[in-house]
Amino acid sequence: MSLVEEFVDVVVVGAGHAGCEAALACARLGMRTVIFTVSVDSIALMPCNPNIGGTSKGHLVREVDALGGEMGKNIDRTFIQSRMLNQSKGPAVHSLRAQADKSDYSRSMRQVLEQTENLLIKQLEVTDLLVEDHQLTGVRTYSGAIYHCRAAILCAGTYSKARCIYGDVSMYTGPNGLAAANHLTDSLRSLGIELRRFKTGTPARIAGSSIDYSRMEEQKGDEKIVPFSFTTDPGSIQKKQVSCYLTYTNERTHEIIRKNIDRSPLFSGQIEGTGPRYCPSIEDKVVKFPEKDRHQVFIEPEGLHTNEMYISGMSSSLPEDVQIAMYRSVPGLEHAQIVKNAYAIEYDCIDARQLKLSLEFKEISGLFSAGQFNGSSGYEEAAAQGLIAGINAARKIKGLDPLILDRSEAYIGVLIDDLVTKENLEPYRMMTSRAEYRLLLRQDNADLRLTEKGYEIGLIPEDRYFNLLKKKELICKEIERVESTFVGDHEEIQKFLQLHESTLLRSSASLSELIRRPELSYGLIAAIDPGRPAFPEDVCEQVNISIKYKGYLDRQRKQVDQFKKMEGKKIPDSIDYENLSGLRLEARQKLAKYRPASVGQASRIAGVSPADISVLLVYLKHKTG
């Protein structure tokens, strides 16, 4: 046995997207941090889709950046195509999505970790957690080395007891053929931590040279590239982009799948884990949507220095011979050569309801958990949790209150609240529909919402914070100016309105009234606003949204005020639910098990009714006088 003993502040277990953000946050906040990985080649690995962002996920990346995280900066350094999604819809659902060069993304993030003070990377598997009197004291590695620490963050991703499966082939490995983490599960179970078995999947990678792109629709990037990070100069990332391609499955594809469905481990019972409903395999789609005669298939490059193409929309665990026939039935893939077979991967993860909103375990002080190991899916969800867990581990060591973002403040708040409050029987995926206050939680204003918090925490430098204050001031002053500037019904104004098919004026109107017209905007009315100062584009965007959607935004702010009242009603941790008369049996059991921090959180627990909440409110009012 190894006699190595080390003393550090924080141990991070796993170096995926959650682990990287957690370790960087801790180290940047002055904590001596060591991050363990089963392979240094898996640092910030993208084992599935080669992109960052997308609908609602782009919001998370912007929020991570606004708080001082790294994901947005890293994708800005390594993207090969960028698109703003949902531009035909309102700004609340605009979402940035970028194709990454997978190897460059991983390499770039590793360099950031290696160059960060207070941070050490170790290629070792953590096998045991050391806990005394419900307090984490350290970890033990497979080599027997002991690392004493004041906090640890579990970011094991999909590696814990991982098994990759397609057809009859079953391999106990992590994603991309990397080693699985097979020993930590037993230690967690011995500590009373509840585990579950989830699964996810990935499509085949096909040699680009074997694809006939002329039979597909080309999908180009945006002409004007918008960065993910608020610190990235837009001018510095305008570059030539690679194309993606769109094709479709057909009835022949579906017939091949139907004839071989009994050979799929998803349907034969060979796979035990529960898969993500919102990212189904192609065999799932064919079985569950028999009325559909085709499904979209996106061909996405894995990077600039590889021939591999990712076949998005066709993840599968069918046998190899069926995969070949299935992919070759798709237009443009008739001669496809598979580089890597599609597979499903199942793995151990925790029931996240064992965690506080800070992502610390309720029963083990100093132990935090983040990422797919918490039962979520996606790189972006993982990074967001990793950042919060890292911040809160550092704050706990410093004796400070944790950072808790609620549902009205950030998509990150929605994500974490859903994970630790609700029963998630499948991998959790972020969606805009999950955010009740999404009109306020837009990706464009993530810095206005969260950068001040990042500065107070210590992850945002002073110059960036002062730039934010200047931006806020410019926005407020320009909104005031536009609302108090009036134009009359003279000829120049009427011609402008006529040109844009807008109702002519009968009397004077403020510029803000004109902006609120559907056919006009802050940018368009510059033609009749000669006194307008020159502003950065992001300031103009905020002025336009703030004025154009003022009624909707004001209504949502009132809803937030009501929400805050319920969240502000804190529940003492010492409350004895078993002896609280008036609560139904199921509510007593659920509340006692999950011990919500507030009445608002209690109201979102499945099995707790509005009547139970009323009983709780009466009790709290009586206790507090």
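The values are calculated or read from the model by the stated rules, or taken from the named source; none is laboratory data. Note that the structure is predicted; figures quoted are calculated from it, not measured. Methodologically, a virtual Cβ is constructed for each residue, glycine included, from the backbone with ideal geometry; neighbour enumeration extends over all protein chains shown. These area figures cover heavy atoms from the full protein model, side chains too; ligands, DNA and RNA do not enter into them. Shrake-Rupley method; radii C 1.70, N 1.55, O 1.52, S 1.80 Å.
Values as computed for the structure displayed
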quantity	calculated
Assigned charges on the beta-carbon of Lys, Arg, Asp, Glu; the chain dipole about Cα centre (debye)	1140 debye
Additional length obtainable on full extension of the chain from ARG197 to THR55, 0.36 nm per residue less Cα span	48.5 nm
Surrounding net charge for PRO301, when Lys and Arg each add one and Asp and Glu each subtract one, Cβ distance under 10 Å	-3
Spatial separation of Cα centroids for the stretch 281-304 and the stretch 410-461, in angstrom	29 Å
Cα centroid of the stretch 571-625 to Cα centroid of the stretch 25-96, whole Å	37 Å
About the Cα centre, charge dipole magnitude for the stretch 407-517 (Lys/Arg +1, Asp/Glu -1 at Cβ), debye	120 debye
By accessible area with a 1.4 Å probe, ligands and nucleic acids excluded, highest first: order of GLU501, GLU480, GLU423, GLU21	GLU501, GLU480, GLU423, GLU21
Simple label model, 7 Å out from Cα along Cβ direction - LYS564 to GLU519, nm	3.9 nm
Cα→Cβ-extended label distance, 7 Å offset, between GLN296 and GLU537, nm	2.4 nm
Sequence-distant residues sharing a close amide H with ALA181 (under 5 Å, placed H)	SER160, LYS161, ALA162
Helical contribution to [θ] at 222 nm, DSSP H n ≥ 4, -39,500 (n - 2.57), averaged over the chain, rounded to 500	-10500 deg cm²/dmol
Gap separating the Cα centres of the stretch 500-538 and the stretch 148-172, nearest whole Å	56 Å
Solvent-accessible surface ranking, highest first, for SER143, SER210 at 1.4 angstrom	SER143, SER210
Residues SER433 and LYS239, FRET efficiency given R0 of 41 Å [Cβ-Cβ distance, rounded to 0.05]	0.75
Paramagnetic reach from ASP222 in the stretch 234-253 [backbone N under 16 Å; point 7 Å along Cα→Cβ]	234-242
Residues whose placed amide H lies under 5 Å from that of ASN51, excluding near-sequence neighbours	ALA100
Gained length - LYS472 relative to GLU255, 0.36 nm times residue gap less alpha-carbon distance	72.4 nm
1.4 Å probe accessible area per residue over the chain, in Å²	43 Å²
HIS500, HIS183, ranked by accessible area, largest first (probe 1.4 Å)	HIS183, HIS500
Dipole magnitude (debye, nearest 20) for the stretch 301-412, charges at Cβ of Lys, Arg, Asp, Glu	460 debye
ARG189/PHE7 FRET efficiency (R0 35 Å; Cβ-Cβ; nearest 0.05)	0.80
Charge context of ILE237, other residues only, Cβ under 9 angstrom, K/R +1, D/E -1	0
Backbone HN-Hα couplings from phi across the stretch 603-609 [Karplus 6.51/-1.76/1.60, Hz, Gly and Pro as x]	5, 9, 7, 4, x, 9, 8
Summed residue charge, Cβ within 14 Å of ASN250's Cβ, Lys/Arg positive, Asp/Glu negative	+3
Calculated FRET efficiency for the pair SER39/HIS335, C-beta based, R₀ 51 Å, to 0.05	0.90
Residues with amide H under 5 Å from that of ILE364, placed H, sequence gap 5 or more	none
Packing-based order for 127-138, 145-156, using average beta carbon neighbours within 10 Å, highest first	145-156, 127-138
Fraction in percent of alpha-carbon pairs per bin - 10 Å, the stretch 49-178	10, 26, 31, 24, 8, 1
Added length on full extension, which subtracts the Cα-Cα distance from 0.36 nm per residue, THR173 to SER502	112.2 nm
